[in-house]
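Bear in mind that the values in this text are calculations on the coordinates, not laboratory data. Note that the structure is a prediction, hence the values are computed from the model and not measured. Positions of Cβ are backbone-derived with ideal geometry, glycine not excepted, and every protein chain shown enters the neighbour counts.
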Amino acid sequence: MIALGIEGTAHTLGIGIVADHEVLSDVRMVYVPSKGIHPREASQFMADSMSKALDEALEKAGLDFKGIDLISFSQGPGMGPCLRTSATAARTLSLSYGIPLMGVNHCVAHIEVGRIFCRLSDPLVLYVSGGNTQILKLKDNYYRVFGETLDIGVGNMLDKFGREVGLEHPAGPKIEALAKEGKNYIELPYVVKGTDLSFSGLLTSALQRIKDNKLEDVCFSLQETAFAMLSEVTERALAHLKAKEVLLTGGVGNNSRLQVMLAKMSEEHEAVFGVPKGYCSDNGVMIALLGLLMYDAGIRQGLEESYVRQRFRTDEVEVKW
Ligand code: AMP
Ligand code: MG
């Protein structure tokens, strides 16, 4: 079966086409805001880029819509205007070409792309992106949240820090590059509460420290602190749940320092570590893959169920696959 997935929750319009687990195309168009992501501007960007992205994806796959068996789209969570734009495109295509439609949870898609591409069966998941920071594990057919941020997501924290110090959005990769030049560790607030975390105090403090320290050193210290916090809560959950596999996913999962820290921690617990390199950031492939998993599990959705869900939580999805 061939699925076309449309990702459009925030900054990236992604069109992915997959034939089972094989990626036929992966087109991503990214909105670069001057300040934070403006929902209306981001959705306008998606509307303007939609037909070009679809054409490009089909061309790369050597297909037209007659060859597509399923249209899936990111139903939530995300920014309302962005979700509505991608959902409208998905509904239109489904109706025009008579192709089944499947709305999927964006966070579960981040998990499933990792599980499939890293060949893991039942991992403990650290999901770190702009808006989300969660530690999850499947139990009784739901991805249960064992820990999460109590305020902002770790990616959001990095992007906000970057914006204040003049780095282009998304700041995560630029902070990573600057951190490699940093040598001196500056003590910053380390806030872990059981398996929950908090990043807003860390952000405020890091911004104060740039006045009397080199930016490279602050970036280095910011990463070391935030990623040590993430490693600690993941380790606590791992020990508690006796998991045998650890999966890192979501945009912040691109960070090589975070990958190294989690790989080392996993190794100490004799757990297999996986990160879906190239597919951590938002993309249409993960949406297509999850659509197929759901379809194969017998799930069918009517048009009336395709409304968008801005606050669609990971633990609301029954995992039937
Ligand atoms: P997503 O929405 O899953 O695509 O994740 C987006 C977030 O990932 C943004 O906050 C980015 O700053 C962050 N991000 C992307 N690449 C990196 C990186 N190399 N290091 C840290 N954060 C990153
Ligand atoms: Mg995401």
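Just to confirm the number: angle between the C-alpha axis of helix 200-209 and the first principal axis of the chain, 0 to 90 degrees, nearest 10? Tilt relative to the chain: about 50 degrees. Spatially, region 62-99 and region 115-143 are offset by 25 Å when compared through their Cα centroids. Taking the charge dipole of the chain about its Cα centre, with +1 at Lys and Arg Cβ atoms and -1 at Asp and Glu Cβ atoms, the residue from L120, T249, G155 reaching farthest to the positive side is G155.
Across region 182-196, the residues whose backbone nitrogen lies under 18 Å from the label position 7 Å along the beta-carbon direction of R236 are 189-196. Label positions at S256 and N184, each projected 7 Å from the Cα along the C-beta direction, are separated by 2.5 nm. If I model region 31-71 as equal point scatterers sitting on the Cα atoms and use the Debye formula, what is log10 I(q)/I(0) at q = 0.14, 0.15, 0.19 Å⁻¹? Once normalised to I(0) and log-transformed, intensities are -0.45, -0.50, -0.66. Computed packing ranks the peptides 144-155, 184-195 as 144-155, 184-195, most packed first, by mean other Cβ atoms within 10 Å.
Of the cross-linked pairs K174/K277; K174/K244; K193/K277; K66/K277; K160/K211, which ones have a Cα-Cα span greater than 22 Å in the structure shown? The answer is K174/K244; K193/K277; K66/K277. With R₀ fixed at 56 Å, the C-beta to C-beta distance from D64 to D212 puts the FRET efficiency at about 0.40. Give me the angle, in degrees from 0 to 90, between the Cα long axis of helix 80-97 and the longest principal axis of the Cα atoms of the chain, rounded to the nearest 10. Roughly 30 degrees between the two axes.
Taking only the alpha carbons of region 1-113, we obtain Rg and Dmax values of 13.2, 41 Å in that order. In the chain, the DSSP-assigned H stretches of four residues or longer account for a calculated mean residue ellipticity at 222 nm of -14000 deg cm²/dmol, using -39500 (n - 2.57) per stretch and the full residue count as denominator. Whole-Hz Karplus values for region 275-288 come out as 9, x, 4, x, 10, 6, 6, 4, 7, x, 4, 5, 6, 5 Hz, taken residue by residue from phi with 6.51 cos²θ - 1.76 cosθ + 1.60 and θ = phi - 60°; glycine and proline positions read x.
For region 35-176, the extents of the C-alpha atoms along the principal axes are 45, 42, 26 Å, listed from largest to smallest. Compared with the dominant Cα axis of the chain, that is its longest principal axis, helix 256-268 is turned about 80°. What whole-number distance in Å separates the alpha-carbon centres of region 298-317 and region 1-29? Cα centroid to Cα centroid, the span is 18 Å. Based on the Kirkwood approach, the hydrodynamic radius assigned to the chain is 19.9 Å, with every pair of different Cα atoms included.
Highest mean first, the peptides 289-295, 90-96 sorted by other C-beta atoms within 10 Å per residue fall in the order 289-295, 90-96. Counting DSSP beta bridges in region 121-274, what percent are antiparallel, to the nearest 5? Taking every DSSP beta bridge with both residues in region 121-274, the antiparallel ones total about 60 percent.
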